[in-house]
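Worksheet for the structure shown next.
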Amino acid sequence: MSNPAPLFPVLGVLVLALASCDVPAARQVDRTSSAQAPVTRGDTIPLPEDGQWTVQSKNVEGWRYSGLTEIDTTNVRNLREAWTFSTGTLRGHEGTPLVVGSTMYLVTPFPNIAYALDLAAPMQPALKWKFQPNPSPRAIGKACCDIVNRGWAYADGKLVYNLLDAHTVAVDAETGRELWRTKMDEVENGVTMTMPPLVVKGKVLVGNSGGEMGAHGWLAALDLNTGRQLWRAHATGPDSLVRIDSTYRPFYEWMRRTNSGLTSWPADEWSRGGGASWGWITYDAALDLIYYGTSNPSPWNQEQRQGDNLFTAAVFARDPDTGMARWAYQFTPHDEWDYDGVNENTILDLPIDGPGRPTRSVIVHFNRNAFVYVIDRRTGQVLSATPFQHMNWADSINMTTGRPHVRAEKRTWENRWTRDICPHALGAKNHPHTAWSPRTRLMYAPTLNLCMDYIARPVSYIAGTPYWGAETKTNVGPGGNRGELIAWDPVARRKVWGIPEKFPSFSPVLTTAGDLVLYGTIEGDFKAVHARTGQLLWTKRLGSGIIGGPMTYRGPDGKQYVAVLSGIGGATGGFRDVPGYPQQGGTLHVFTLP
Amino acid sequence: MMRLLTGISVATLLVASACSEETPSALLPANVSASRVPTGDPAGPRRRETDLVVNPFARDPMALREGERLYREMNCADCHRYSGTGGMGPSLVDGEWIYGDTPFDRFSSVDGGRTRGMPAYGHMLPPESIWKLVAYIDELKGKSGEPGRAAGEATRAAIGAQSPQGGRP
Amino acid sequence: MLGVSIVVTILVLIGLAWAIWHPRAPGLAPEADRPADARGERLNDESGGRGHEESGRPRSERTGVRVMVWAGAVVPAVILGVLLIVTMRVLADVSLPAHALADHDAPPLPGELTVRVTGRQYWWEVKYLDAEPQRTFETANELHIPVGQRVIVRLAADDVIHSFWVPGLAGKMDLVPGRTNVTFIEASRPGVWRGQCAEYCGMQHAKMAITVVAESPEQWEVWAARQRTPAPTPADSAASADRRVFLTSGCVLCHAVRGTPARGELGPDLTHLASRLTLAAGTLPNAPGHLYGWVANPQTIKPGSKMPAVPMDPAELHAIVRYLSTLR
């Protein structure tokens, strides 16, 4: 070129034009680092916030924490409804919507319809596809606690979830076409599936429900591409079924006996002993271990199953490739009160040993039995077990043996009432998922403040009918509030603040980098409170009760949205005579700032 | 070619229709006519035969105690709750009957099961036991204080008791 | 005890006879015949009615007291004291250990044999307890015990009051709903004893018998080990078909057969039915013909019992009885 100067303005215009391509047409968004506060695990490994929500609990460690900061404590009072979507079904909506890219995925309670919503048009999502799997209606009468679906998983372009009739299905996320469907168990025998799968290393991890039906509890891994089962680990029975070999290293001596999943039961009661895996699975990528819990033993009548009833009401750490157990710990040996062990095991690195000392790799678990456990996730040692709600069934957990000191007068018996046992069989915290904020270093837990009278009855095992054998009466705990949303410091082992609720707290919790805690109530109030103080900042009454998980995402337009499903059901039916209990519904609500 | 295809299609249809005409009775279970729901009848409302079936143990105190025992022991109470208000299974005391509201409909729910998860007890329990269960369920419904059908039945029974036919509505 | 009682009785009788007929001092009429003065006192009788010694001196008060104290109090006290100790020891011997009475729900200590008998209309549920859950087992209407060992029997009832009575081995002890009574039996020689419900419990109270079989400890161990095993797996496809008929029949609503999905809690455990001596709590001998009749229609044999006539056709009846006959 003889004279390049006339090119510069042209180049400059080109550069500017290219730069302006980044700016979305609708609105300029501040994309500075404050809007993408990094998520850190134990202040060591930063995880970038991408504005999506691709796992039911946001990350495989079970945090339910979003790094989005556009909505915060100063402006959440302006939150308003952006759009709603009817799921076309009633009954308990227990899952959390997923957002991958610009598509939102939902699954309804039975008949387990899956929807993919295109979020491109901000106020008017378009239905991309609808998938109707038509599961067998025979499963309806086999589900103990409503015909719910507790969550779905996205991996590698596939939406994977469980059908109530004990099948796992994978759907092409782009087209809504069924890719595979695997039968996992016999629904005629009372086995259903409601739990949210977790996909780890190309394996879909799923478990059954049926602790009230005499089911034989199990967790299985399916190949993500084909649906073929790779392994299945049971909760009870000989070591070969429980998948225990020489790599099994539980911390406590009483968990180490050979075939203890058989010898801790009379005769062959283990084969209908429950231990179903209907709750949450979390995963530690560094240790390559999955953590999940097992349900109550079957039947509820404890006189019919003498022994510790391993491995019910317990937590397992397993190798996801082989399913072999690395360690296990039983929260409630010989459970007599329906204290399932299926609640989530949140993966955290905490300064348990004090400031200035190295952090410990732990799981934090709010159990049904009203103790919050901090367990070393390498070894299974209980580092602390602290009551987080009113309870009287045990004095404490022995720190040497890990076993509870049960109060003899709170044991339950056949044809004899035991009065005023706390917590209630629903537990001091049920399956709705906690949230952890790395900013406040607090865990936010939906808790229940209920007690019960309990009488056990002789019960026959009739396949397909409940193997239950108990009658309970519900009483409210001290204070008169049936529930409480608490903020808990797992290192200091104390409650920092609590919000009493009229009904039991039965929705998962969301916490964000905007220092917000969002949760729903059975009456249908969707609330945002200050994460540090619990002060109520915003609330809106939705059409039906909220037992599904709130989530937040960044839409294609760059704005932050908050979404939650309303639709009462689940295990809350026992409260339908309490004034304020809502009608059934099934709606997705999405909120944003104006 | 077209004529050949047409001919084959017609022949197939004829054969198929002939086949379906030949074997209807073998495909139907015995005694299905009793529970067929009739269409309307210009000559006056018709009833199903089974609408008129009466529970031989209705309100019999011994049978009611036996029914209560069976309600517990056959695991009915765990699905429908001890009070009958429902849980896993629907409520038995709210007056809403999914499959029909006559005693025979309740009998056949227990006897044959239903497609939404109710198991069949018919080949395991003798019919007398099932009728006693139905009698107990009706007692639960009466005791529950739920308005609706129970109250309506009581009114009908009271009116019927005064009428010359004696109780048959 | 008996010997001591006989000796004491003889001594007392001798003493009594002497008191009645002993020779009196000459000239002294029996007290009742002596004249009394106007004030009711003896005349010139310094003995105060106690009589005189051979020397003529009146017997003193102290002598009388000495006789009363020794013959009346000390010697009997010593004899009774010895008997008391002997009685306490025997009582301890025939009583249950304190822990067996105190905690009705605790598993038995090692070396003890504890059985839980639950009375139901109209049969006996017999559960052998153990601290190890896998060593517990259940049977019905038949109680096997090792000779020479005390067997602690916990008695419970679910419906009405029954009473456990094995006349050859022990007395009656009631089974009361809502509480646990504890007794024990011990056989000193092998044999078969029949027991009976001894408290009217309903229509078939008369046909609620329990059989107690005492055998040598080694034989008992063999029997117990056999009872602990689950039902045998069917040997061939025909046996499998029989088992399938059983498992899909109404039997499994109430009965349990360990080793199969049948786990009814309402009727007797059938896992080793064919090993028992009787059917229906001693009503019928355990023989094929009786088993057919019982399964086909229990209400004709024991009307009012809780077992209904389960609907079945002849082929099903044959299959079920064939299967039950394999449960040795």
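The magnitude of the dipole of the range A:352-427, with charges of +1 and -1 set on the Cβ of Lys/Arg and Asp/Glu and taken from the Cα centre, is near 120 debye.
When a/c reaches 1.5 or more, the comparison of a/b and b/c decides; with that in mind, is the range C:182-328 rounded, prolate or oblate per its Cα gyration tensor? In terms of gyration-tensor shape, oblate. Pairs of Cα atoms under 8 Å, at least six residues apart: use those to get the relative contact order of the range A:8-592, whole percent. Rounded, it is 15 percent for the range A:8-592. Where both bridge residues fall in the protein assembly as shown, DSSP classifies roughly 90% of the beta bridges as antiparallel.
Could you look at the range A:8-592 and say what percent of its accessible area is carbon and sulfur, using a 1.4 Å probe and all protein chains? Answer for the range A:8-592 is 51 percent, counting heavy atoms of protein chains only. 3J(HN,Hα) couplings calculated from phi for the range A:113-130 with the Karplus curve 6.51 cos²θ - 1.76 cosθ + 1.60 (θ = phi - 60°) are, in sequence order, 6, 10, 10, 10, 10, 8, 8, 4, 7, x, 9, 9, x, 9, 6, 7, 7, 9 Hz; Gly and Pro show x.
Shape of chain A from the C-alpha gyration tensor: prolate (a/c of 1.5 or more and a/b above b/c, with a ≥ b ≥ c the square roots of its eigenvalues).
Each of C:SER95, A:SER361 has its accessible area taken with a 1.4 Å probe; listed largest first, they run C:SER95, A:SER361. For the protein assembly as shown, the Stokes-Einstein estimate of translational diffusion at 25 °C and a viscosity of 0.890 mPa s comes to 71 µm²/s, using the Kirkwood hydrodynamic radius over alpha-carbon pairs. Helices in chain C, meaning DSSP H runs of at least 4 residues, each add -39500 (n - 2.57). Divided by all residues, the mean residue ellipticity at 222 nm is -9500 deg cm²/dmol. Taking square-rooted eigenvalues a ≥ b ≥ c of the alpha carbon gyration tensor, is the range B:74-120 rounded, prolate or oblate, where a/c under 1.5 means rounded and, failing that, a/b exceeding b/c means prolate? Taking the square roots of the gyration eigenvalues as a ≥ b ≥ c, the range B:74-120 is oblate. The angle separating the long axis of helix A:7-20 from the principal Cα axis of greatest extent in chain A is about 30 degrees. Shown for the range C:174-189: no residue is covered by the partner protein chains by 10 Å² or more of accessible area relative to the chain by itself (probe radius 1.4 Å). When B and C come together, around 800 square angstrom of accessible surface is lost from both chains combined, probe 1.4 Å.
Beta bridges from DSSP with both residues in chain A: antiparallel share about 95 percent, rounded to the nearest 5.
First select every other residue whose beta carbon is under 11 angstrom from the beta carbon of A:GLY279; then total the charges, Lys and Arg +1, Asp and Glu -1.
On the way: positive: A:ARG150, A:ARG368; negative: A:ASP340, A:GLU344.
With Lys, Arg at +1 and Asp, Glu at -1, the net is 0.
Partners of A:LYS58 within straight-line reach, counting lysines whose Cα lies under 26 Å from its Cα and excluding those fewer than 8 residues away in the same chain: A:LYS128, A:LYS130, A:LYS158, A:LYS201, A:LYS203, A:LYS429, A:LYS495, A:LYS527, A:LYS540, A:LYS559.
Sum up the charges of everything whose Cβ sits under 14 Å from the Cβ of A:THR182, counting Lys and Arg as +1 and Asp and Glu as -1, but leave A:THR182 out. If you can, show how the numbers build up before the last one.
Working: positive: A:LYS158, A:ARG181, A:LYS183, A:LYS203, A:ARG228, A:ARG232; negative: A:ASP165, A:GLU178, A:ASP185, A:GLU186, A:ASP223.
Spelling it out: positives minus negatives among the neighbours equals +1.
Between A and C, roughly 1500 Å² of accessible area is buried in total, ligands, DNA and RNA not counted and the probe set to 1.4 Å. Whole-Hz Karplus values for the range A:493-500 come out as 6, 8, 7, 8, 8, x, 10, x Hz, taken residue by residue from phi with 6.51 cos²θ - 1.76 cosθ + 1.60 and θ = phi - 60°; glycine and proline positions read x.
In chain C, what percent of the accessible surface is made up of carbon and sulfur (1.4 Å probe, ligands and nucleic acids excluded)? That share works out to 62 percent.
Taken residue by residue and averaged, Cβ atoms of other chains lying within 10 Å of the Cβ of C:256-269 number 5. Measuring with a 1.4 angstrom probe and ignoring ligands and nucleic acids, B:GLU49 comes out at about 120 Å² accessible.
Of the whole protein surface, C:HIS290 contributes about 70 Å² of accessible area at a 1.4 Å probe radius. In order along the range B:69-82, the phi-based Karplus estimate (6.51 cos²θ - 1.76 cosθ + 1.60, θ = phi - 60°) of 3J(HN,Hα) comes to 4, 5, 4, 6, 6, 8, 6, 5, 5, 6, 8, 9, 6, 4 Hz; Gly and Pro are listed as x.
What translational diffusion coefficient, to the nearest whole µm²/s, does the range A:356-490 have by Stokes-Einstein, given a Kirkwood radius computed over alpha-carbon pairs, a temperature of 4 °C and 1.567 mPa s viscosity?
Numbers: Rh = 16.6 Å.
Estimated via Stokes-Einstein, D reaches 78 µm²/s.
Output the 0 to 90 degree angle, nearest 10, between the alpha-carbon long axis of helix C:2-21 and the longest principal axis computed from the alpha carbons of chain C. The angle comes out near 30 degrees. With a cut-off of 14 Å between beta carbons, the residues surrounding A:ARG257 carry a summed charge of -2, where Lys and Arg count +1 and Asp and Glu -1. Using only side-chain charges placed at the Cβ, +1 for Lys and Arg and -1 for Asp and Glu, the dipole size of the protein assembly as shown relative to its Cα centre rounds to 560 debye. Computed with every protein chain present, the accessible area of C:ARG24 is close to 110 Å² [probe 1.4 Å].
Using only the heavy atoms of the protein chains and a 1.4 Å probe, how would A:THR89, A:THR84 rank by accessible area, largest first? Could the numbers behind the result be given before it?
On the way: A:THR89 20, A:THR84 70 Å².
Correct descending sequence by accessible area is A:THR84, A:THR89.
Remark: accessible surface ordering of A:LYS540, A:LYS183 (largest first) is A:LYS183, A:LYS540, probe radius 1.4 Å.
The values are calculated or read from the model by the stated rules, or taken from the named source; none is laboratory data. None of these values were measured; they are calculated from a predicted model. A quick note on method: Cβ atoms are made from the backbone with ideal geometry, for glycine too, and the neighbour counts reach across all protein chains shown. SASA here: full protein model, heavy atoms, side chains in, ligands and nucleic acids out. Shrake-Rupley method; radii C 1.70, N 1.55, O 1.52, S 1.80 Å.
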